[in-house]
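A.B. asks: Structure in structure tokens, see below.
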Amino acid sequence: MRAPAPDRTVLGHVTGEAAVWHRLAALLPPEEAREFEDFWSIGEQEAGLELLVSSLSRRQVVIDETTRAEIAVVCEAWGMWPRPLGPVLAQCPGEGSGSAVRLIEDATRAPLPGAAAGLRDQLLLVPWIRCTGCGRVLARAHIREPWGDLSCAPEEYVILNAALSDTLRLFGPGNGWDALTALRTCCERPGGPSPAPSHKG
């Protein structure tokens with residue numbers, strides 16, 4: 001099953017979170033879409049996101065990779081990423097082409113030390129979303145909690161170069177949408193980065 005083709009509006013550019021929520025509702029059947037919208041109205045965003053992602057997974061809706069990344073950012077903003085909804089979203093089939101960004105988070109991969117990208121030692125970077133045009137990566141910067149887990153909320157959002165070795169831009173806590181917007185538009189600005197090099201042999 002294929003989702004309706006999303007418009008190309010960057011989620012961070014629409015007028016308010018309510019408009020973002022309304023756009024994601026279009027991915028659902030009418031009855032579930034109404035329930036999803038109701039969750040927004042009563043302040044139960046976490047339940048709404050669980051409905052959205054579980055429905056997409058259950059119905060095996062094909063979503064393009066930009067939409068997948070956008071859903072991940074919505075979930076992260078409401079404390080539902082990477083768990084519990086990351087593994088469920090991963091079960092949705094992808095369209096695989098023509099997307100501006102791609103979700104690349106790998107739960108089996110150890111975080112990168114912040115010092116490797118010129119940041120303070122206490123930060124641990126989780127590569128999250130990659131620009132398919134230039135290869136730049138949006139990462140979440142966490143700290144290690146005393147009990148060993150990464151902090152639930154990122155300390156910062158970081159745009160890294162394609163080699164993950166240099167910090168290009170920083171965004172504070174709660175600014176995941178601004179960071180995603182910057183990543184999506186980095187190839188659109190005049191004088192923006194060149195396309196990512198080919199890795200074909």
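A.B. asks: Filtering segment 4-18 down to residues that are surrounded by 13 or more Cβ atoms within 10 Å (Cβ to Cβ) and part of a helix (DSSP H, G or I), which residue is modelled with the highest pLDDT?
C.D. replies: So, considering only residues that are surrounded by 13 or more Cβ atoms within 10 Å (Cβ to Cβ) and part of a helix (DSSP H, G or I), the one modelled with the highest pLDDT is 17.
A.B. asks: Sticking with this structure for a sec: Output yes when any residue across segment 183-192 is open to solvent by 30 Å² or more (accessible area, probe 1.4 Å) and under 13 Å from the mean Cα position of the chain (by Cα), and no when none is.
C.D. replies: no
A.B. asks: Here's a follow-up. Might you check whether a residue that is of a type outside the set (S, T, N, Q), modelled with pLDDT under 95 and in contact with an Asp or Glu (Cβ under 8 Å, 6 or more places away or on another chain) occurs anywhere in segment 46-61?
C.D. replies: Within segment 46-61, not a single residue is of a type outside the set (S, T, N, Q), modelled with pLDDT under 95 and in contact with an Asp or Glu (Cβ under 8 Å, 6 or more places away or on another chain).
A.B. asks: Among the residues of segment 99-117, how many are among the charged types (D, E, K, R) and surrounded by 15 or more Cβ atoms within 10 Å (Cβ to Cβ)?
C.D. replies: Here the count works out to 2.
A.B. asks: Further question on the same structure: Can you pull out every residue in segment 67-80 that is in contact with a strand residue (DSSP E or B) (Cβ under 9 Å, 6 or more places away or on another chain) and either under 18 Å from residue 45 (Cβ atoms) or at pLDDT below 90 (or both)?
C.D. replies: Correct list: 70, 71, 72, 73, 76.
A.B. asks: What about residue 60, is it open to solvent by 60 Å² or more (accessible area, probe 1.4 Å), free of Cβ contacts under 8 Å to residues at least 60 places away in the same chain, in contact with a helix residue (DSSP H, G or I) (Cβ under 6 Å, 6 or more places away or on another chain) and not hydrophobic (A, V, I, L, M, F, W, C)?
C.D. replies: Answer is no for this residue.
A.B. asks: Okay, moving on. Go through segment 78-98 and count every residue that is surrounded by 18 or more Cβ atoms within 10 Å (Cβ to Cβ) and within 21 Å of residue 185 (Cα to Cα).
C.D. replies: Total satisfying the criteria: 0.
A.B. asks: Next question. Looking at 68, 23, can you tell me which residue is basic (Lys, Arg), in contact with a Cys (Cβ under 9 Å, 6 or more places away or on another chain) and within 19 Å of residue 184 (Cβ to Cβ)?
C.D. replies: Checking each option against the conditions leaves just 68.
A.B. asks: A follow-up question, please. Tell me which helices (runs of 4 or more DSSP H) are completely within segment 28-90 and hold 1 or more residues being among the aromatic types (Phe, Trp, Tyr) and on the phi < 0 side of the Ramachandran plot, or say none if there are none.
C.D. replies: Those helices (runs of 4 or more DSSP H) span 30-41.
A.B. asks: Related question: Can you name the number of the only condition in (1) touching a Cys at 6+ places or on another chain (Cβ under 8 Å); (2) crowded, with 16+ Cβ neighbours inside 10 Å that residue 171 fails?
C.D. replies: Going through (1) touching a Cys at 6+ places or on another chain (Cβ under 8 Å); (2) crowded, with 16+ Cβ neighbours inside 10 Å one by one, residue 171 breaks only (1).
A.B. asks: Pairs, please: C-beta under 9 Å, at least 6 apart or cross-chain, first residue over 8 Å from residue 117 (Cβ atoms) and assigned to a loop (DSSP other than H, G, I, E, B) and in segment 154-167, second open to solvent by 30 Å² or more (accessible area, probe 1.4 Å) and of a type in the set (Ser, Thr, Tyr)?
C.D. replies: Filtered contacts from segment 154-167: 161/167.
The values are calculated or read from the model by the stated rules, or taken from the named source; none is laboratory data. The shown structure was predicted, so the numbers you read here are calculated from the model rather than taken from an experiment. Methodologically, a virtual Cβ is constructed for each residue, glycine included, from the backbone with ideal geometry; neighbour enumeration extends over all protein chains shown. For accessibility, only protein heavy atoms count, side chains too; no ligands or nucleic acids. Shrake-Rupley method; radii C 1.70, N 1.55, O 1.52, S 1.80 Å.
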